[in-house]
1. Note down the relative contact order for chain B as a percent, whole number, built from C-alpha pairs under 8 angstrom at least six residues apart.
2. Ranked highest first by average number of other Cβ atoms within 10 Å, how do B:155-168, A:458-471 line up?
3. Would you tell me the mean number of C-beta atoms belonging to other protein chains that fall within 10 Å of each C-beta in B:206-217, as a whole number?
4. Go through A:Lys115/B:Lys223; A:Lys226/A:Lys252; A:Lys244/A:Lys362 and tell me which ones have a Cα-Cα distance over 28 Å in this structure.
5. Any lysines with Cα under 16 Å of the B:Lys94 Cα? List them, leaving off those in the same chain fewer than 8 positions away.
6. Please report the net charge: other residues with Cβ closer than 11 Å to the Cβ of A:Glu245, K and R +1, D and E -1.
7. Which angle from 0 to 90°, rounded to the nearest 10, does the C-alpha axis of helix A:3-26 make with the longest principal axis of chain A?
8. Mind sorting A:Arg184, A:Arg58, B:Arg68, A:Arg250 by how few other Cβ atoms lie within 10 Å of their own Cβ, fewest first?
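Throughout, read-outs are computed from the coordinates displayed, never taken from laboratory work. Just so it is clear, the structure is predicted and the values come from calculations on it, not from any experiment. Backbone-built Cβ (ideal geometry, glycine too); neighbour counts: all protein chains shown.
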Amino acid sequence: MSARLRTVLWILGFLLTVGGAIAYVIKPLLTPVTSVALGLGLLMLLVNLYLNFADVRRFLGKRSTRYGGNLAVLALIVLAIAVLVQGLATRHNLRWDLTENKRFSLSPQTRNILKNLKKNTEILAFYRDTEAGKQSLKDLLEEYTNSSSRFKYRFVDPDRSPNLAKEYKVAAYGTLVLESGGKREKVESDTEQAITNGLLKVTRDREKTIYMITGHGEKQITSQDKTGFSAAKQAVEEQNYKVKELVLLREKAVPQDAAVVVIPGPSRDFFPEELSTLTDYIDRGGKLLVMLEPQVETPRLSKLLEDYGIEVGNNEIIDRLSRVFGADYTMPVVTQYARHPITANFGVASFFPSTRSVTPVKKPKTGVEVQPLALTGPNSWAETDLKRLRQGSAEFNEGSDIAGPVSIAAVSSVAPKEREDPKGLLFSGKKGPPKSGKARIVVFGDSDFAGNTALGISGNRDLFLNSLSWLAEEEELIAIRPKDQSNAPLLLSATEGRLAFWFPLVILPATVLGAGVFVIWRRRWSR
Amino acid sequence: MRNFLPIFKKELASYFTSPIAYIVYCMFLIIVGYLFYSGISFFSILSFQSLNNPNLAQGLNVTEGVFRPLYLNMGVILLLMMPLLTMRLFAEEKKSGTIELLLTNPIRDVEVLLGKYAACMAVYLVMLLLTALFPAFTTLVGSPEAGPILSSYLGLLLLGASFIAIGTLVSSLTENQIIAAAVTFGILLLLWVISWSASFAGPTWGTLLLHLSATEHFQNFAKGVVDTQDVIYYLNLSVFCLFLTLRSLESKRWRG
């Protein structure tokens, strides 16, 4: 075969093989054309190799080929070692945070939780590329992934991946969603405390149960009515709690697995037996959320709450201002919250469709700490003349009515003291010393704010859920003190500002250039 | 290693007796100086505004606000400047034929390589030291944190060491300085931007690309965190490139 034909065969075979390979890479399907091209090309190359076997052998036998081959093998070995070393270094790394306030280090609590992380967890951060705080969140999440190989993070731009945002029910930029083992947990804040607590919740095996009491005309969790609690139930379940109903009369005691017991707007009073069951529960360190209604008389329940430091007023709040928002006089707006974990970082208004006042008693019993939670505006008052109010008129009467701001929600925590027993019959009863852990009670003067209609309005949903999670999460939730802000602002005076321009941009480069000119000239001169 | 010092000295002298080093320094300082000036001026305005707005003052930190971006940008500028420092290392000697002298003399290849490499590192070190005047200036008017700045310089030193190693390798493969510079620049730029595709490359490839990227490993240094895996990445890259350079020098003997 002539040399020219061989060359053509070489080139054709090469082109066909490479072309076929490229086509396969672009469209990973063995179409007839691709396979024929590949096969034919390889065949030509092989035939050529066979025909030129003597040449090939001579080439392989050459010293430079042998050395080149050796070199290639050696280089591959060294590369493999480098990759191995890098892999080991990635897995067993040491880290030092040189910043003054250790802002790139996680708290010991978080590190401990990450070390014991058993399930793979991913956090999706729904941030736009330009979102403020994205960098610092990335820094923070980077530290999380560094402490546990089971933790991964991913930034998602909700504008670019609207389907993903929809799937995760993300409505606002800056939302984080933790996902682990099929469970999801939304985190609305980008602090270490929020993320770590979310992590705790989403990886928790045991689900916490929240009991809703029924039997006194309470709001039903199955009801889809305007004031029903089906939306509230759904919201609570999204927070990874179970929701069950509880008929107190049927039970001797509140079930052991109750994380919180909720009384959602009773319209009849409780029986004494039921109240003693509740008292037992509270004395064992129980958690109770009570949501009342105005113009509903429940004296026995009110008496129980008063024992724990919370006074329920027999009145209804009138708020002139709420009219601005296009609502009834009896729908006060709350924009003022007391300092409390429930309302920490809480800046939005909440709306209460008809509520009564809920205030701390003047002198709570020992071991009872009580404080107001939410206050109505200064233009509101608590109307005590309910008869006139029902006829449709109300006005503020100094003396009988309470002037605003009026507290419409209060929080009380009860130390696990032995029950007061002046006759010395301590523990003569059934239970023995109470379990440790403070009992917690949150009382709202209204229940409709968490009903189907109002739950979605403004901050209502958050207020309701925050109250529940404060009640339910006490032991597990951890508090991480935020890092001391290392504020180091810098103010340049006019002179310093000019210096900041002249020194780096003119003086320094000119000096370097001058030195160069000097050195080179002197060399020329000396020659 | 007897011959290391003479080669080092000769190489260093050739940098400083030609205009190259001074011009590269000068341009580098002007660019970094400009970034420093605009960074610190903007930060000063922010600080001034924060006097009236306490919310803005939260987390306003001169180290984070001025030096972290400055050093990140300096990495990018190095990428442009470094090929100019390394392009001539071997390419020039090959062109002028003096490489034969070096390689046939009873000097070991390692000594030649390390001498030249160390000289280039020394030139680079001076360049870094000159930029240290910016944080020094800032301590006069404010209070930047020492830790992150020191870690940034450690990072820049390692980053530069690996960049120079890559440049040395490329320079040993060609006798044309322009080709050496262009190829080095291309490789460095690729190493820098390779992490950009990590977000859509899928989890496995994405992680791999992030590990390969010279940017990602520098991020930690710039924010004030020293991680052994980043240190080892740069050392690994440098040693590997120097090893290949050595082989490339050696191959001159048998390639004929």
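1. About 26 percent, as a whole number.
2. B:155-168, A:458-471
3. So the per-residue partner count for this stretch is 1.
4. Pairs exceeding the cut-off: A:Lys226/A:Lys252; A:Lys244/A:Lys362.
5. B:Lys116, B:Lys252
6. Cβ neighbours under 11 Å give a net charge of +2.
7. Orientation of helix A:3-26: about 0 degrees from the principal axis.
8. Ordered by Cβ neighbours within 10 Å, fewest first: A:Arg250, A:Arg58, A:Arg184, B:Arg68.
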